[in-house]
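A.B. asks: My questions all concern the structure below.
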Amino acid sequence: MKLDIRYRMHFRYSEPVRESQNEVRVRPRDDETQRVVSFRLTNEPPTKVLSAFDYWGTAVEQVGVRIAHTALELTAETSVDTLPRPAPPPDTPVEALADPDFRARHFEFLDPSPHVDWQTGDSVAARAAAATHSARSVPDLLAAVVAEVRGALRYESGATDIGVSLEELLAGGAGVCQDFAHLAIGMLRSVGVPARYVSGYLFAADETAAGDETAEMVSVQTHAWIEAAVPGAGWCAFDPTNGGTVGERHVVIGCARDYGDVPPVRGVFMGGATAEVEAEVVIGKRPAVEPAPSPGARSWPRAVTQGPPLGSRPQQHQQQQQ
Amino acid sequence: MILARHADALLWVGRYLERTEATVRCLDYAANSIIHLRGDEARVEIEQLVKTLGLESVAALVGSLEGRRQLFAFLLSDTGNPGSVLSAVSAVREKLRSTRERIPIELWEEANGLYLRFREFSDAAPPPERLQEVLLMVRRACLAISGVLNEGMRRDEGYAFIVIGRMIERSIFTVGLIVAGYTDPRGTIDATRMLRLTSSLQAYHRRHGHAPDPEGAVRYLLFATDLPRSLQSCLLRAEDRLKDIGATAGALDGSRRKVGLLRARLELGEIEEAMAQAPVPALSALHWDLAEVASEIAVEVVPPLDFPTVRSQYLRPGEAGGLGGT
Amino acid sequence: MAPPRRMYPRAKTGAARLVRAAPWPPSSSMGFVADQTPAPDAGLLDGYRPGPGFDEAFEADGSVREAYRRIVERFSQLDAGELRRLERLVADEFRRQGITFTVYSDEEGTERIWPMDLFPRLIAAAEWDELERGLTQRVAALNCFLEDLYAGEGAAIADGVVPRWLVVSSGGFERNAMGIQVPHGARCNVAGIDVVRDGEGRYRVLEDNLRNPSGISYVVENRAAMAKACSWLFYDHAAQPVEQYGRMLRSTLESMAPGGADSPHVVVLTPGIFNAAYFEHAFLARSMGVELVEGRDLVVDDGTVYVRTIEGLIAVDVIYRRVDDTFLDPVVFRPDSMLGVPGLLGALRAGTVTVCNALGNGAADDKAVYAYVPDLIRYYLSDEPIIDNVPTYLMWDPDQRAEALGRLDELVAKPVGSSGGDGVMIGPHADDEELAAARAAIEADPRNWITQEVVQLSSLPSFTQERLEPRHVDLRPFVLTGERTQVFPGGLTRVAMRRGSLIVNSSAGGGSKDTWVLAPEHQ
């Protein structure tokens, strides 16, 4: 599927702030399931944007604004081609998960991580164990966990914030896609399945019902789902928020242990201001012809980054992810 | 090159050193004068001293300063009083510590030694009979520090900032002293007292050969070119050091212009004229102008904040995002 | 250092006068009559009995080792009162200069005067030569490993020299350092390698300190104090000078400037005046002639790090930081930390500035990774280690664990990430309760524990206020790596304060000794 994605992030401050520094992870990953045709990040006030790849292979754009400013606007424009995803995993028996080599290879995705710590209480592991005790194959086990998460949480915007623990999530019973993903990862890891967090874009008007999308253009937020490692089959993706499979409408930015490793924006600034944040993702199918320059293009000089800057890095990271 | 933070710290080293000396002089004067006064007279004198040091608002916070003992404690070792000797000596030590690698080791050693010795005294709560001993110790240590500054420090920007700090503080004190003298509730301007509190009495005698009269004393303190403590001398020295900084670092031009203007008005008799018409408003305006100079320097140095407010911002999937705490 | 005798003319006190000057200690247990003038060969060292293990100054039969002959002679001519006077002199000097360290035994740290024992440690030229080669080799391999790990292909891991999970699960492994390039592949720019001598007198590495090893300022200050208090001791020795450290460090750091800048702008980054090692930070900046900055003095703009001066912003090339990894950049690590510089990591990724030591060095000084260093030397340098490790057992390995737990009372147990002796359990000195606690801790978290054979540290005569008695010592030499590797002559000798104690850390009441590397022509 050929998609155009425009992600606009707008921070407005109650008084001038200075020395803002931010890490931005919004550029889709370039790999065998999706190809990035073009990417550019523009910022206002305009400054030099630095690009690099992090440990997990995700592209990081560093945006800093030193001078006093009352608003910061970031716009990421991507054209990406997504390919059909591989077939669902084979009927690997759950016993294969216990293989010491398999576990050693994936130990970073088996241990608790800052946002996925099921060991602070008992309920997450207990519910995961109860839900999966009859599963004989890994796909059954994965399906059981996704169902359990969907039974435990209802989708509710604003019910949670970052830093919510898995225990609090279960007690509250509501959250957004990120919370669905974290709870699913916690349950999977607690029963010995290596699981990781995926940050990305979803071409669907409603992220809780990705299956029956017919729109040509949607206005949404960024999305999060998960991947689990299946012995003999590699990483398999699931979307616990809508219970559906992950396909051509999902565009991956990056995969890591949890949200803390791939936040779309993370930064600090100096000043006691309060801020209003607006963010919007507009996704549409790309027309067959090359698009004309956007009419909104501004004339002042601005920093533009395009494509991966370091030739060898992505390759190395893909190797690590296999 | 000098860090903005270091420039700021050394400026305050100069100011706190000068403040230490001024407070010690006041204490010395008080110790000698108040013993001859009646209770109500002593109270007025104490109020005047506190006013001279610009500490009225701080003193109001600690309540009444009726007795000698209270005044001594307030000026000597009250950590709640930023003008106390202990506060000033601690501040000098801390600022020098934070600039330690760019000042002569001896300067740090002397300031550290002064702080440690002073702490020994104040921890032992000095009885009034040991007051003179403490004052003598502090005065000698200040002389030693001045000696290292003058003879042992490279004439770099750091030195310039210490001198500027001293000169600014000294100017503010001298003018504040004169203002307090003119508004003395006892109705007389005590010329001897003014000269004593600026250690200028002897110099005045040698220059004029007669007992000081108020007008002569004030003129001497403001305009004398042979007196390193006079306002004229202080501004000239501050201006020279600001010129040095302008030459080596190309900075603080605004401050230099402000000081230069003030010095010129002094030289051209403009201030004398204003004083002849209405002394108190003229002196108050002068006092205010000096405070302006001090704040202009701070603005031009732009030191980093001690405790900057840092906030975090983030976006999260599914929702727009938010702000973190400081 | 210039010849010490020229520097301090007032300390021309001859040994004979020193003996006359002070009263003899009234201790009758030593067999002296109080009013007797001591014979030159009887005194502080009379009755000196080296403990178990290797004594640096004396042979097992009680004769003096050649290198120490003249020092022992000199000290034999002193009495305790004189030594106490000299110690006070040194302590006053340290106090005056504010040479202190902070002990965090309770909530608020207390500042203590740096303790120095006056009997120096001497290292003969040939002995030092071997140490120097061994340390150079070890640090070279550690640099190769870190470069391979963070900026290379991870060859050592791929070839199975070290397990990947062990490295990645180390508390000091820093994912954010991945891909950051450094000039010359030099990541341990300043390494402090703790070495000890075993019962046979062989040097062994006890631990590597590759993050922010401290102590070098005390090396230099010890020598300065020694030269003031006991200049006469230097008369008959040619000790290699130590005052050149600042110049050496500066040229090392300058060689780390990105893109080989011409006259690079180097700064030292400190957490501030309340840090326990602030004295050292100021010392380093002063002796290098560079600025000592705090995080708030630096600012990042367009990917370049600048320092705020009265002239405006001036670009920085090399930051010698004495701030821990996780405080360096609040954007990436702790948003609440203002010790660092927002955006610094972005600048590092862009390669506009070099931070020394590099981020993530903790992955190589993890004590569980330490066990692999001899293998890393063989792997990267195709060489046999010149200095051995202390025999070490990895508690994550079930077989090694079972064996070690079976004889824990004979071993030393250490948490892998600790420094300064924290949490170390010495089996032979531990009671049943301590042994049980260590056993439980190991079983609960085997990855994070190692056990080692007890090394009977070597001993040196040390002053007890009454006489000189053997006390155990270790040695922390400093190894600088930029364009090339240099070992700084000598290092910090730490000395245990109690007889038989193996704990030499100053935070645990240990002292220090001036350390002399003797010049070759002297042999």
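The values are calculated or read from the model by the stated rules, or taken from the named source; none is laboratory data. Treat the numbers as computed from the prediction; the structure is a model and nothing was measured. No Cβ is skipped: glycine too gets one built from the backbone with ideal geometry, and neighbour counts run over all protein chains shown.
A.B. asks: If you go through segment C:168-180 one residue at a time, do you hit one that is in contact with a Phe, Trp or Tyr (Cβ under 7 Å, 6 or more places away or on another chain), away from chain A (no Cβ under 12 Å) and either under 30 Å from residue C:253 (Cβ atoms) or at pLDDT 95 or above (or both)?
C.D. replies: no
A.B. asks: At least 2 residues that are in contact with a Lys or Arg (Cβ under 8 Å, 6 or more places away or on another chain) and more than 12 Å from chain A (Cβ to nearest Cβ) in each: list the strands (runs of 3 or more DSSP E) lying fully within segment C:304-368 that qualify.
C.D. replies: Values: elements: C:304-309, C:312-315, C:318-321, C:354-356.
The strands (runs of 3 or more DSSP E) meeting that bar are C:354-356.
A.B. asks: Let me ask something else. Which one of the conditions (1) at pLDDT 95 or above; (2) within 19 Å of residue C:494 (Cα to Cα); (3) among the hydroxyl-bearing types (Ser, Thr, Tyr) does residue C:462 fail to meet, given that it meets all the rest?
C.D. replies: (1)
A.B. asks: I'm trying to understand the selection: among the residues of segment A:26-58, which are of a type in the set (D, E, K, R) and part of a strand (DSSP E or B)?
C.D. replies: First, pick out the residues of segment A:26-58 that are of a type in the set (D, E, K, R): A:27, A:29-32, A:35, A:40, A:44, A:48, A:54.
Residues satisfying the conditions are A:35, A:40, A:44.
A.B. asks: Is there a residue being under 17 Å from residue A:238 (Cα atoms), of a type in the set (Gly, Ala, Ser) and at pLDDT 95 or above anywhere in segment A:85-95?
C.D. replies: Looking through segment A:85-95, none of the residues is under 17 Å from residue A:238 (Cα atoms), of a type in the set (Gly, Ala, Ser) and at pLDDT 95 or above.
A.B. asks: Can you confirm whether residue C:443 is closer than 26 Å to residue C:200 by Cβ and of a type in the set (Asp, Glu)?
C.D. replies: Values: closer than 26 Å to residue C:200 by Cβ: no; of a type in the set (Asp, Glu): yes.
When the stated conditions are applied, residue C:443 does not pass them.
A.B. asks: Take segment B:264-300 and flag every residue that is buried (at least 17 other Cβ atoms within 10 Å of the Cβ) and under 19 Å from the mean Cα position of the chain (by Cα).
C.D. replies: Once the filter is applied, which keeps residues that are buried (at least 17 other Cβ atoms within 10 Å of the Cβ) and under 19 Å from the mean Cα position of the chain (by Cα), segment B:264-300 yields B:283, B:286, B:287, B:289, B:290, B:293, B:294, B:296, B:297.
A.B. asks: When you check residue A:14 against the structure, is it surrounded by 15 or more Cβ atoms within 10 Å (Cβ to Cβ) and small (Gly, Ala, Ser), yes or no? It would help to see each step written out before you state the result.
C.D. replies: Values: surrounded by 15 or more Cβ atoms within 10 Å (Cβ to Cβ): no; small (Gly, Ala, Ser): yes.
Against the criterion (surrounded by 15 or more Cβ atoms within 10 Å (Cβ to Cβ) and small (Gly, Ala, Ser)), residue A:14 does not qualify.
A.B. asks: Another question, if that's okay. Of the numbered conditions (1) farther than 23 Å from residue B:292 by Cα; (2) buried (at least 16 other Cβ atoms within 10 Å of the Cβ), residue B:231 satisfies every one except a single condition; which is it?
C.D. replies: (1)
A.B. asks: Being part of a helix (DSSP H, G or I) and crowded, with 19+ Cβ neighbours inside 10 Å is the filter here; which residues of segment C:225-245 pass it? I'd like the intermediate steps shown before the answer.
C.D. replies: As a first pass, look at segment C:225-245 and keep what is part of a helix (DSSP H, G or I): C:225-229, C:231-236, C:245.
Matches in segment C:225-245: C:225, C:226, C:227, C:229, C:231, C:233, C:234, C:245.
A.B. asks: Exactly one of these conditions fails for residue C:254: (1) within 29 Å of residue C:172 (Cα to Cα); (2) within 20 Å of the chain's Cα centre (by Cα); (3) crowded, with 19+ Cβ neighbours inside 10 Å. Give me its number.
C.D. replies: Against the list (1) within 29 Å of residue C:172 (Cα to Cα); (2) within 20 Å of the chain's Cα centre (by Cα); (3) crowded, with 19+ Cβ neighbours inside 10 Å, residue C:254 comes up short only on (2).
A.B. asks: A further question follows. Just to check your reading of the model, which residue among C:187, C:121 is part of a loop (DSSP other than H, G, I, E, B) and surrounded by 19 or more Cβ atoms within 10 Å (Cβ to Cβ)?
C.D. replies: Values: C:121 fails: part of a loop (DSSP other than H, G, I, E, B).
Selected residue: C:187, the only one of C:187, C:121 that is part of a loop (DSSP other than H, G, I, E, B) and surrounded by 19 or more Cβ atoms within 10 Å (Cβ to Cβ).
A.B. asks: Can I ask one more? Residues that are within 14 Å of another protein chain (Cβ to nearest Cβ) and more than 23 Å from residue B:181 (Cα to Cα): list the helices (runs of 4 or more DSSP H) wholly contained in segment B:1-102 that include at least 1 such residues.
C.D. replies: Numbers: elements: B:4-33, B:39-52, B:56-62, B:68-76, B:85-97.
Passing ranges, in order: B:4-33, B:85-97.
A.B. asks: While we're here: State whether the residues of segment A:283-296 include one that is at pLDDT 85 or above, touching a strand residue (DSSP E or B) at 6+ places or on another chain (Cβ under 7 Å) and either among the β-branched types (Val, Ile, Thr) or under 27 Å from residue A:72 (Cα atoms) (or both).
C.D. replies: Within segment A:283-296, one or more residues are at pLDDT 85 or above, touching a strand residue (DSSP E or B) at 6+ places or on another chain (Cβ under 7 Å) and either among the β-branched types (Val, Ile, Thr) or under 27 Å from residue A:72 (Cα atoms) (or both).
A.B. asks: Further question on the same structure: Determine if segment C:292-299 includes at least one residue that is away from chain B (no Cβ under 11 Å) and either polar (S, T, N, Q) or surrounded by fewer than 24 Cβ atoms within 10 Å (Cβ to Cβ) (or both). Walk me through how you get there before you give the answer.
C.D. replies: At the first step, the residues of segment C:292-299 found to be away from chain B (no Cβ under 11 Å) are none.
Within segment C:292-299, none of the residues are away from chain B (no Cβ under 11 Å) and either polar (S, T, N, Q) or surrounded by fewer than 24 Cβ atoms within 10 Å (Cβ to Cβ) (or both).
A.B. asks: I'm told residue C:472 meets every condition in (1) of a type outside the set (A, V, I, L, M); (2) in a loop (DSSP other than H, G, I, E, B); (3) in contact with a strand residue (DSSP E or B) (Cβ under 9 Å, 6 or more places away or on another chain) except one. Can you identify the failing condition by its number?
C.D. replies: Among (1) of a type outside the set (A, V, I, L, M); (2) in a loop (DSSP other than H, G, I, E, B); (3) in contact with a strand residue (DSSP E or B) (Cβ under 9 Å, 6 or more places away or on another chain), residue C:472 violates only (2).
A.B. asks: List the residue pairs whose Cβ atoms are under 8 Å apart, where the first residue sits in segment C:73-92 and is closer than 17 Å to residue C:512 by Cβ, the second is assigned to a helix (DSSP H, G or I) and charged (D, E, K, R), and the two are 6 or more positions apart or on different chains.
C.D. replies: As it stands, the answer is C:89/C:228; C:90/C:228, since those pairs meet every condition given.
A.B. asks: Just give me the residues in segment A:55-112 being within 10 Å of chain C (Cβ to nearest Cβ) and among the hydroxyl-bearing types (Ser, Thr, Tyr), in sequence order.
C.D. replies: Answer for segment A:55-112, where residues must be within 10 Å of chain C (Cβ to nearest Cβ) and among the hydroxyl-bearing types (Ser, Thr, Tyr): just A:55.
A.B. asks: State yes or no: is residue C:190 of a type in the set (Val, Ile, Thr), more than 14 Å from chain A (Cβ to nearest Cβ) and touching a Lys or Arg at 6+ places or on another chain (Cβ under 8 Å)?
C.D. replies: Details: of a type in the set (Val, Ile, Thr): yes; more than 14 Å from chain A (Cβ to nearest Cβ): yes; touching a Lys or Arg at 6+ places or on another chain (Cβ under 8 Å): no.
Answer is no for this residue.
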